[in-house]
Amino acid sequence: MDDLDARKQRLLRAVIVEYVSAAEPVGSEILVQKYDLGVRSATVRNELAEMAEMGYLEQPHTSAGRIPSDRGYRYFVDRLIVEREPELATKRRVRDVAQEGELLQSLLRDSARLLSRLTHLMSAAAIIRDAGLTVRSAVVSALGPTQGLLVVVLSNGHVESRMIECPPGLTLQDIGMANEQLTTGACGSTLRQLARSKPPAVQDAPGAQRLLVTVWASLRSLAGDLTRGTLITEGEEFMFGQPEFQRDAAAFSDLLDALKESDLLYEAIARPTDQHRAVTIGKENPNAQMHQFSVIRQNLFAGDTLAGTIAVVGPTRMAYDASIPLLNYTAQALTETLTRFLG
């Protein structure tokens, strides 16, 4: 990536600020009027033309102003951004939501909903596909003569509950023996192992054995569902308010549906990264259907275990300086809650 001199850096920052704000191509006259550049419009026009040749700006049509390219946004994010710390009131709202949830899925949905309202963009969260996650605890409780509740806690903090049909005539002793077998047979097992496992045998306790057969069928089903991963999205309505996507709302709606149904959105959010924070801009997304979007994502941890990812998704014209620190703060609050839950 070519380095830009100080003047070109100031111009690139100004073009991005103006374009993010107005969603209109930015002309040299506006830049000269609003920014103390110390040069005339003709000089600014020449600089903008040079930056377009270098690939940092684009011109939608002849005689129009300039807009940032994916390369321009990348330079801005990597070298020019001055992150805007979330306000105290915003931090308080994030903390309140992050501390209220008990289940990983509901916790992520509430946090994603708040993120979308704060950024006016779509937010998404992915619970990772990881067949190596282990079962931390598993307990079955009777809710009535023929109904029970199976609750499973995983090593990433995710809690899953399933209603089960209990065989008739169970005693408290049967349920206690079944829970003992759950502790020894399921706890510590990975989801991969659980999906292929068989219920342990219980000698001289036919009621407990029948209950274990039912519970194990539910455990195998649960393991299969969880290894497929979970995608949570909130704030799609804000995307339809973006000028880029208003031109053909029906086509854009079809695109969003296709991204979710085909797993492409999940993969864009949850795909592995060596960085603690990842920003993928436009054509940097591996799949062409994601080229209209930028994705800012953060990993979530439960202790040392990767639990999932939370992200902000929007047009390439987004306020990176505000969205990045807000997402970073949200991920930190969620990680603290998940780690405390497992403690």
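The residue list Ala49, Leu11, Leu31 was ranked by how far each Cα lies along the charge dipole of the stretch 1-56 toward its positive end, using unit charges on Cβ atoms, and Leu31 comes out on top.
Just the number, please: carbon plus sulfur as a percent of the accessible area of the chain, 1.4 Å probe, no ligands or DNA/RNA counted.
Numbers: 7760 of 16270 Å².
Of the solvent-accessible surface of the chain, carbon and sulfur hold 48 percent.
Computing FRET efficiency as 1/(1 + (r/R0)^6) for Gln332 and Arg79, where r is the C-beta to C-beta distance and R0 is 25 Å, gives about 0.55. To the nearest ten degrees, helix 249-261 and the longest principal axis of the Cα atoms of the chain are 40 degrees apart.
Counting Lys and Arg as +1 and Asp and Glu as -1, each charge on the Cβ, what is the dipole of the chain about the Cα centre in debye, to the nearest 20? Let's see the in-between values first.
Details: 36 positive and 42 negative charges, 75 e Å.
For this selection, approximately 360 debye.
Heavy atoms only, probe 1.4 angstrom, no DNA, RNA or ligands counted: give me Asp254, Asp96, Asp36 ranked by accessible area, highest first. Mind dumping the intermediate values first?
Values: Asp254 105, Asp96 75, Asp36 130 Å².
Order by accessible area, largest first: Asp36, Asp254, Asp96.
Each of Lys260, Lys91, Lys198, Lys283 has its accessible area taken with a 1.4 Å probe; listed largest first, they run Lys198, Lys283, Lys260, Lys91.
Were the residues from Ala52 through Ala251 laid out at 0.36 nm apart, the gain over their Cα-Cα distance would be 68.7 nm.
The values are calculated or read from the model by the stated rules, or taken from the named source; none is laboratory data. Keep in mind that what you see is a predicted model, and the values were worked out from it rather than measured. With ideal geometry, Cβ positions are generated from the backbone for all residues, glycine too; neighbour counts draw on all protein chains shown. SASA here: full protein model, heavy atoms, side chains in, ligands and nucleic acids out. Shrake-Rupley method; radii C 1.70, N 1.55, O 1.52, S 1.80 Å.
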